[in-house]
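Down below is the structure, laid out as structure tokens.
Just so you know, all these numbers are worked out from the coordinates, no wet-lab data involved. Given the structure is predicted, the values throughout are model-derived calculations rather than measurements. With ideal geometry, Cβ positions are generated from the backbone for all residues, glycine too; neighbour counts draw on all protein chains shown.
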Amino acid sequence: MSNIPYRTHLSEEDIPRYWYNMQADMKDKHDPFIHPGRLDPVVYEDLQPVFCDELIKQEVNTTDRLIEIPEGIREVYKIYRPSPLCRAYNLEKALGTPAKIYYKFEGNNTSGSHKLNSAVAQVYYAKEQGINHLTTETGAGQWGTALAMASKLYGVDLTVFMVKVSFHQKPYRKAVIETFDGKIIASPSETTEVGRMLLAQDPTTSGSLGMAISEAIEMAVKTPNSRYVLGSVLNQVLLHQSVIGVEAKTAFEKIGDYPDIIIGCAGGGSNLGGLIAPFMGDKLQGKTNPYFIAVEPASCPTMTRGRFAYDFADTGRVTPLTKMYTLGCDFKPSSIHAGGLRYHGMSPIISKLYHDGHLDEARSYGQNACFEAALQFAQTETILPAPESSHAIKAAIDEALKCKETGEAKTILFGLSGTGYFDMSAYMQYRSGAMVDYIPSDEELNESLQHLPKIPGIQE
């Protein structure tokens, strides 16, 4: 056996002091956000009613490679960071592969996921600005849980709009959010004007992240001293999540290795973007050339079957228009268990990197194949992965089996973005054979894509 430990533990001193901003090293930046009314680029003042001031600055910062992490945020990071880089020796043995499989484990906190990295930062800046109420959306519940934890820690009130299907699938997520005094509402709801409109259109809808975003934004702008915070997609969120990749790179330096292949699940892009950030920086600067793989559900194939175009980030069509890979803001994904990946769009940074060929590949899998991989991982590595993370595990296993065929001892890194202990109904469904894969037809995708917004001179 190799002398590389199962877990490469970093010390408190290894917690990053700076977030890494990929945009600074991107020769071609992503296209500007477009104001939905004026149809011209969004300016700072347009975002102030919705987001905290410091977060807006981070959102539009395309020049500073390193952005200092305030000590008040690092002090909270010290509660659960740094997270370990783990070598999956038992999985390697089970696969009979010469590949070295590593995973960065982000489930070592009560939220059970990487989401706390950005939640802490966003609530910190809200508190510094004197904001006393925040709103957000959540899919599977990891983001809502993380934000409830951070909000309680900093003494800020929180309202969470949770996608209705996940609200009913994952009652224990709801319970954890309420444990930290977060208020949670199943979306779409009768609470907001846009929620009532969506319910009038389809009273039986299971909801979507796009719908929940619309409700959360409406409440934020109509509530005094309130702001909206988002757990994925935005540039600021990928910035905060870069602590994952920065720590991973430090750990690889300690063991004298470097990944050939880097894999992350992709819903809105936060976990993937955070994991690949410093390694992508190396690639953009011409230092190394790792192979990057984004993995998404076949039922919500944003990058693999979507269109690179301007679209609304929400179903209610109130957000700025964003150039990204999208299935159309009207797309209603099926009720798969990987609720955190059920989003019609993709981070503008990730979209641009993929469109320009820096992010090498996007692939999709059905949920049965992902749960099969999750079970094999759990039985060999003793950690029960989140349904979202199982997509990255499936791709890592496939790449390791390719190495078995070729005899190449490649180094594979994937993001274990969270744990699946609140997803036992999904595992039970898979084990019973009742889990169903759903792949939308071309006709279904074209139905939503044909309603993409028209922007004179840009997208007509």
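Quick notes
- Local electrostatic count at Asn21 - Lys and Arg +1, Asp and Glu -1, tallied over other residues with Cβ under 13 Å: -1
- Once backbone amide H atoms are built at 1.01 Å from N, Ala362 has Ala294 as its partners under 5 Å, excluding neighbours fewer than 5 places away on the same chain.
- A simple charge model with +1 on the Cβ of Lys and Arg, -1 on the Cβ of Asp and Glu and nothing else charged puts the dipole of the chain at about 720 debye relative to its Cα centre.
- FRET efficiency, Lys287 to Thr223 (Cβ-Cβ, R0 45 Å, nearest 0.05): 0.45
- Structure note, pairs Lys174/Lys323; Lys170/Lys332; Lys104/Lys287: Cα-Cα distances above 26 angstrom occur for Lys174/Lys323.
- Applying 0.36 nm per residue to the separation of Glu68 and Lys254 and subtracting their alpha-carbon distance, the gain on full extension is 64.6 nm.
- Region 343-395-region 81-109 distance, computed between alpha-carbon centres (Å): 15
- Exceeding the 24 Å Cα-Cα cut-off - candidates Lys152/Lys394; Lys115/Lys164; Lys29/Lys57: Lys152/Lys394
- The length gained on full extension between Glu75 and Glu178, counted as 0.36 nm times the residue separation minus their Cα-Cα distance, comes to 34.6 nm.
- Residue order for Lys104, Lys410, fewest other beta carbons within 10 angstrom first, comes to Lys410, Lys104.
- Label point distance in nm, Asp356-Met428, each placed 7 Å from Cα along Cα→Cβ: 4.8
- Additional length obtainable on full extension of the chain from Asn90 to Ala378, 0.36 nm per residue less Cα span: 102.6 nm
- The label point for Ile439 and the one for Tyr421, both projected 7 Å from the Cα toward the Cβ, are 3.6 nm apart.
- Sequence of Glu13, Glu106, Glu92 once ranked by neighbouring C-beta atoms within 10 Å, starting from the fewest: Glu13, Glu92, Glu106
- Neighbourhood charge, 9 Å Cβ-Cβ cut-off, centred on Leu452 and excluding it, Lys, Arg +1 and Asp, Glu -1: +1
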